[in-house]
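The values are calculated or read from the model by the stated rules, or taken from the named source; none is laboratory data. Being a predicted model, the structure only gives us computed values, none of them experimental. Heads up, the Cβs are rebuilt from the backbone with ideal geometry, glycines too, and the neighbour counts pull from every protein chain shown. Please note that ligands, DNA and RNA were not included when accessible areas were found on the heavy atoms of the full protein model with its side chains. Shrake-Rupley method; radii C 1.70, N 1.55, O 1.52, S 1.80 Å.
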Amino acid sequence: MSPERRDITQLPDLTTGEGRVGPVRTRMPIYVDLLPPCNNACPAGENCQEWLRLVKETDPESAWRQLVRDNPFPAIHGRVCYHPCETACNRGDLDSAVSIHSVERYLGDLAIEKGWGFDKPRNNSGFRILVIGAGPAGLSAAYHLARLGHEVEIHDAGNQAGGMMRYGIPEYRLPRDVVDAEIKRVESLGVKIELNHNVKDLVAEQKSGHFDAVFVAVGAHLSRRVEIPSMDAGHMVDAVDFLRNVASGDKPVIGRRVAVYGGGNTAMDAARTARRLGAEDAVIIYRRTENEMPAHKEELEEAEREGVEVHWLRTINEMQQGGDIKVEIMELDKDGKPHGTGKYETLATDTVIMAVGQVADTGFLHDIPGMQFNGDVVKVDPTTLMTDVPGIFAGGDAVPSERTVTVGVGHGKRAAKQIDTWLNHQNPQTKVKHPIVHFDDLHMWYFGDHPREVQPELDPAARVSDFDEVVKGLSADEAIFEATRCLSCGNCFECDGCYGSCPEDAIVKLGKGHRYRFDYDKCTGCGTCFEQCPVHAIEMIPEK
């Protein structure tokens with residue numbers, strides 16, 4: 001053998017270790033299904049990896065039906081979810097995360113176009129459940145409860161169903177026909193929605209309607225109050241009321257110069273809406289820095305692209321006659337907390353929009369004996385979401401949580417399962433998750449560099465002229481391509497790598513969609529299949 005030649009497979013050093021094979025097998029391979037980070041990060045509990053696989057297999061209806069097992073609103077979520085699944089996506093460490101939300105939107109829009117409907121429940125349990133609030137949490141709970149065979153009735157104080165999906169998220173992000181279509185599909189399961197129905201006495205409501213359980217899913221529709229000296233000297237409105245009025249079709253007069261006080265997503269929506277109503281100068285005033293603002297980064301970026309300015313480390317000190325505001329310049333102390341510097345500047349405004357937070361409208365619950373609260377939210381068991389009053393559950397904005405559409409939908413799903421468990425006098429079961437697959441667990445040699453598909457958008461200069469939807473959807477080919485970028489972390493996707501690499505012909509193909517099995521009579525435990533598996537769907541365990 002030439003001294004320059006090197007075999008690809010290195011021989012083991014038997015002076016420091018052991019051979020991989022021998023007369024007695026000491027380890028054996030097994031196929032595993034581990035937890036992809038996208039699935040783990042989804043607040044709605046979607047099996048993202050599985051429905052992406054079905055899109056890749058060019059079976060969009062099966063993909064949609066897999067998706068709506070967990071989340072009935074893919075067209076909505078594909079537009080407004082802040083997709084923590086993508087933040088967790090392992091592909092982000094390779095090139096860029098899979099655009100999961102855009103594929104979800106594709107499926108949701110396709111389902112609306114094709115008229116796909118939910119499968120009807122097979123049974124009628126005989127139980128009646130009352131849901132308070134027709135927002136994302138309430139509608140999600142109603143959907144999952146109806147699928148379990150329960151009779152569900154939603155009581156909502158609004159003129160139309162949807163909660164903050166309809167009245168809090170501007171139409172340029174979420175068209176109302178999309179909201180209507182996905183809510184109508186929930187109603188098709190037999191869910192009854194009573195609108196303009198403001199519940200004041202929950203116990204009486206439950207008793208008169210003969211409801212066996214209640215899920216409280218009221219939204220955070222009340223603006224948090226902040227006292228500002230001489231606040232009556234100028235034109236000041238609440239962000240929640242402002243967005244609700246615009247969503248209802250009003251065109252409030254706000255003038256050319258608008259200041260929005262706050263740093264959350266509602267503040268960003270208010271400023272972007274103000275631009276569309278004719279404000280030439282839209283300024284956000286926030287008392288902390290960009291790193292500390294609660295708004296999602298992409299919301300800030302979109303607002304700035306549309307001409308919104310942000311004044312960091314500023315707080316409104318006083319409203320002045322004529323509409324100007326006195327703003328104090330802040331600075332951070334050694335603990336990172338802002339405090340005033342005694343330096344001020346004057347900002348000319350026609351309207352000030354207050355977006356300093358919202359509180360849940362839970363006042364109607366305070367007279368119920370045994371119900372406990374933490375400020376504006378209800379105390380619940382973190383596992384079952386049941387309050388201290390048996391049979392009354394709560395979720396979404398009504399409980400301590402991040403106030404997003406996706407979190408609300410996830411609460412509705414979990415509450416439905418727990419309500420069903422409670423009604424059937426069963427004990428709650430804690431689901432044990434599989435280990436999460438991380439980037440370092442994968443063998444990236446298999447995957448090439450494929451750029452992420454980018455959704456088309458309206459030009460920023462043209463956006464502010466109307467409320468047309470800013471972000472457009474992917475085509476079928478683009479969605480399928482994006483789905484193929486999924487690394488299938490921790491789950492076999494039948495690449496035939498193990499089958500082709502096994503030197504003992506110990507792997508048996510079971511047919512498309514059925515994966516493989518090991519023939520342990522032939523397997524020597526060499527581990528070749530494990531070492532080449534790109535997605536860590538094989539593990540080696542000690543031989544018993």
Distribution of pairwise C-alpha distances over the range 404-544, 10 Å bins, in % = 9, 21, 24, 22, 18, 5, 1, 0
Distance between Cα centroids, the range 436-511 to the range 363-428: provide it in whole Å.
-> 36
The range 98-256 - Rg over Rh from alpha carbon coordinates, Kirkwood radius = 1.05
Measure nothing fancy, just the Cα-based angle from helix 176-187's long axis to the longest principal axis of the chain, in degrees from 0 to 90, nearest 10.
-> 70
Candidate lysines - alpha carbon under 22 Å from Lys334, same-chain residues fewer than 8 apart omitted | Lys343
On the first, second and third principal axes, largest extent first, how far apart are the outermost C-alpha atoms of the chain in Å?
-> 93, 64, 47
Once amide H atoms are built 1.01 Å from N in the peptide plane, which residues 5 or more positions from Gln358, or in another chain, come under 5 Å H to H?
-> Arg224
Any idea what the dipole of the range 390-544 comes to, in debye rounded to 20, about its Cα centre with Lys/Arg Cβ at +1 and Asp/Glu Cβ at -1?
-> 820
Cα principal axis extents for the range 87-149, largest first, Å | 52, 27, 21
Extended-chain gain in nm, criterion 0.36 nm per residue less alpha-carbon gap, Asp449 and Asp388 | 16.7 nm
So, in the range 399-517, how many Lys pairs have Cα atoms under 20 Å apart, if the pair is 8 or more places apart or on different chains?
-> 4
Sort all Cα-Cα distances of the range 348-415 into consecutive 10 angstrom bins from zero, then give the percent of pairs in each bin up to the one containing the longest distance.
-> 19, 46, 21, 9, 5, 0
Using the alpha-carbon atoms, what tilt in degrees (0 to 90, nearest 10) does helix 100-114 show relative to the longest principal axis of the chain?
-> 80
Which whole number of Å³ per residue matches the convex hull of the alpha-carbon atoms in the range 28-118?
-> 113
Computed [θ] at 222 nm, deg cm²/dmol, the chain (DSSP H ≥ 4; -39,500 (n - 2.57); rounded to nearest 500) = -8000 deg cm²/dmol
With every protein chain left in place, what is the accessible area per residue of the range 303-362 in square angstrom, probe 1.4 Å?
-> 48
Pseudo-spin-label distance Arg517 to Glu309, built 7 Å along Cα→Cβ, given in nm, is 7.1
With the dipole of the range 287-446 defined by +1 on each Lys or Arg Cβ and -1 on each Asp or Glu Cβ, the option from Ile316, Gly370, Pro294 whose Cα lies farthest towards the positive pole is Gly370
Charged-residue dipole, Cβ positions (Lys, Arg, Asp, Glu), the chain about Cα centre, Debye nearest 20 | 1160
Leaving ligands, DNA and RNA out of it, report the carbon-plus-sulfur percent of the accessible area of the range 28-162 at a 1.4 Å probe.
-> 44
With a probe of 1.4 Å, find how much accessible area the range 69-163 has per residue, and write the answer as a whole number in Å².
-> 33
Taking all pairs of different Cα atoms in the range 103-189, averaging 1/r and flipping that mean, what Kirkwood radius in angstroms comes out?
-> 13.9
If one compares the long axis through the Cα atoms of helix 265-276 with the longest principal axis of the Cα atoms of the chain, the angle in degrees, nearest 10, works out at 60
